[in-house]
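In what follows, a single structure is set out as structure tokens and then discussed.
The values are calculated or read from the model by the stated rules, or taken from the named source; none is laboratory data. The structure displayed is predicted, hence computed values, not measured ones. Ideal geometry is used to build each Cβ from the backbone, glycine not excepted, and the neighbour counts take in all protein chains shown.
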2 protein chains.
Amino acid sequence: MGKITVDVKREVLRANDMLAEALRREWASRSMLVVNLLSSPGSGKTALLERTLEILKGRMRVAVLEGDIETDRDAERIRAKGVEAVQITTGGTCHLEANMVAKAWERISDRDWDILFIENVGNLICPAGFDLGEHLRVVLLSVPEGDDKPAKYPKAFRTARWMVLTKMDLLPFFDFSPERAVSEAKRLRPDIRVFRTSAKTGEGVEEWANALVEEYRKMYG
Amino acid sequence: MGKITVDVKREVLRANDMLAEALRREWASRSMLVVNLLSSPGSGKTALLERTLEILKGRMRVAVLEGDIETDRDAERIRAKGVEAVQITTGGTCHLEANMVAKAWERISDRDWDILFIENVGNLICPAGFDLGEHLRVVLLSVPEGDDKPAKYPKAFRTARWMVLTKMDLLPFFDFSPERAVSEAKRLRPDIRVFRTSAKTGEGVEEWANALVEEYRKMYG
């Protein structure tokens, strides 16, 4: 029993990684920066995206793939910003896989894009195990969740190149130490780059959006 | 490939459910109420438990099984309240399964208990699929997460008999409608019982703790 499970899992992961690698190459050949956003439910992925899209408007051609278990509410929120969004409804699956992303991507691959955001399913655990072909993995941590989350959910923080602290406006109401959160994340990934943001006040969002543009320019000059 | 995965999954689930049923019977035969707590990371499961344990102290014999991917910080927090806690570290697995619970339970089954809390891994998706033999499944939803979460993560809310809204003291700072959260949860499970709590101010915690004692009395009179 156990052995079969492991072998099947390994095959699934290997197929996923091969497809992810092919996607990564296709996107690079089309000069795209693809960003995979990971976080708990309610950490503010969509709110951060909404603000970010306002800043990037007119500067970059941006599209969004929205991962959810059910509902297409997040895609609706993005479309309300005048940005192309494709909803991926996983129907119970707790993470996005490369084949779901490939199918959604097909629907907008006829046009040219500079940045493609993939908003993963709200889950700090399972999505960390699945490469989607992204060039940049970003983990969000909201102030209300607590500064102990990197230590408790290490894989998401170990595999992310950037970490965005969100809902920073709530700092006065929580026993949350950004320094502790950052030092725990750095224990897992010493080179992790950190942004401190609030989608409500706008704090740090411009810095984060500019860093994305820089990242794009570094790749495609 | 796909077919094998499904069959293995089904076998795993069937074995889980059989063991869960055996645990449920054992616990009932020992006049225990077993409560499975589900929520996102950082929704305040441990904080609610800490407060609840203070209220139940001297009235009920309580123990806690603490599920986490890594670290034993939550068990330490519970022990600081003078309450027996067994840490279950899943080592990457995104939910608790009945066999993990059975092993942890063995370590304290030599003594008598009235209420056993199982704090599941912080994850609003995967734990919903695994019966742990509990008599009462409770889902927590914190104000900062947003009132759209029942619709987006339906299985957790459909399988829970009770829902506890947490961090209610933060209501002034969020665009969170308890009425909307409740009505979305009731669309999924019309008989869901709702508590509104704040571990910080203590709001509603006594009502919730008393309801647990009532539930216990209803079962074992």
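The set of residues from the range A:121-138 being more than 14 Å from chain B (Cβ to nearest Cβ) and out of contact with any strand residue (DSSP E or B) (no Cβ under 7 Å at 6 or more places or on another chain) comprises just one member, A:131.
Residues checked against (1) within 25 Å of residue B:200 (Cα to Cα); (2) in contact (Cβ under 8 Å) with a residue 60 or more places away in the chain; (3) among the aliphatic types (A, V, I, L, M):
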{"residue": "A:143", "(1), (2), (3)": "yes, no, yes"}
{"residue": "A:164", "(1), (2), (3)": "no, yes, yes"}
{"residue": "A:185", "(1), (2), (3)": "no, no, yes"}
{"residue": "A:194", "(1), (2), (3)": "no, no, yes"}
{"residue": "A:203", "(1), (2), (3)": "no, no, no"}
{"residue": "A:218", "(1), (2), (3)": "no, no, no"}
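In the range A:18-41, the condition of being within 26 Å of residue A:214 (Cα to Cα), touching a residue at least 12 places away in the same chain (Cβ under 8 Å) and within 14 Å of another protein chain (Cβ to nearest Cβ) is met by at least one residue. Among the conditions (1) more than 14 Å from chain A (Cβ to nearest Cβ); (2) within 15 Å of residue A:70 (Cβ to Cβ), residue B:196 misses just one, which is (2). Does residue B:217 satisfy being surrounded by fewer than 24 Cβ atoms within 10 Å (Cβ to Cβ), at pLDDT 95 or above and either within 14 Å of chain A (Cβ to nearest Cβ) or not in a helix (DSSP H, G or I) (or both)? For residue B:217, the condition - surrounded by fewer than 24 Cβ atoms within 10 Å (Cβ to Cβ), at pLDDT 95 or above and either within 14 Å of chain A (Cβ to nearest Cβ) or not in a helix (DSSP H, G or I) (or both) - is not met. Considered as a group, the residues in the range B:185-206 that are in a helix (DSSP H, G or I) and out of contact with any Ser or Thr (no Cβ under 8 Å at 6 or more places or on another chain) include one that is surrounded by the most Cβ atoms within 10 Å (Cβ to Cβ), and that residue is B:185. Residue count for the range A:10-56 under the criterion of being surrounded by 19 or more Cβ atoms within 10 Å (Cβ to Cβ) and among the small types (Gly, Ala, Ser): the result is 7.
Yes or no, residue by residue, for (1) under 16 Å from the mean Cα position of the chain (by Cα); (2) among the hydrophobic types (A, V, I, L, M, F, W, C):
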residue: B:155; (1), (2): yes, no
residue: B:162; (1), (2): yes, yes
residue: B:188; (1), (2): no, yes
residue: B:192; (1), (2): yes, yes
residue: B:195; (1), (2): yes, yes
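In this structure, residue A:152 does not satisfy being among the basic types (Lys, Arg), within 14 Å of chain B (Cβ to nearest Cβ), touching a residue at least 40 places away in the same chain (Cβ under 8 Å) and crowded, with 18+ Cβ neighbours inside 10 Å. If you go through the range B:64-85 and keep only what is assigned to a strand (DSSP E or B), surrounded by 21 or more Cβ atoms within 10 Å (Cβ to Cβ) and more than 14 Å from every other protein chain (Cβ to nearest Cβ), you end up with B:64, B:65, B:85. Out of B:51, B:30, B:24, one residue alone is charged (D, E, K, R) and over 16 Å from the mean Cα position of the chain (by Cα). It is B:30.
All of (1) under 27 Å from residue B:10 (Cα atoms); (2) within 14 Å of the chain's Cα centre (by Cα); (3) surrounded by 19 or more Cβ atoms within 10 Å (Cβ to Cβ) hold for residue B:140 with one exception: (1). Scanning the range B:155-184 for residues that are away from every other protein chain (no Cβ under 14 Å) and either buried (at least 22 other Cβ atoms within 10 Å of the Cβ) or under 23 Å from residue A:121 (Cβ atoms) (or both) gives B:160, B:163, B:164.
On the stretch given as the range B:98-120, residues that are within 14 Å of chain A (Cβ to nearest Cβ), assigned to a loop (DSSP other than H, G, I, E, B) and surrounded by fewer than 23 Cβ atoms within 10 Å (Cβ to Cβ) total 0. Can you say whether residue B:157 is among the aromatic types (Phe, Trp, Tyr), at pLDDT 95 or above and part of a helix (DSSP H, G or I), as far as the supplied structure shows? Against the criterion (among the aromatic types (Phe, Trp, Tyr), at pLDDT 95 or above and part of a helix (DSSP H, G or I)), residue B:157 qualifies.
If you go through the range A:30-51 and pick out every residue that is hydrophobic (A, V, I, L, M, F, W, C) and part of a loop (DSSP other than H, G, I, E, B), you end up with 1. The numbered conditions (1) in a helix (DSSP H, G or I); (2) over 16 Å from residue A:199 (Cα atoms) are all true for residue A:54 except (2).
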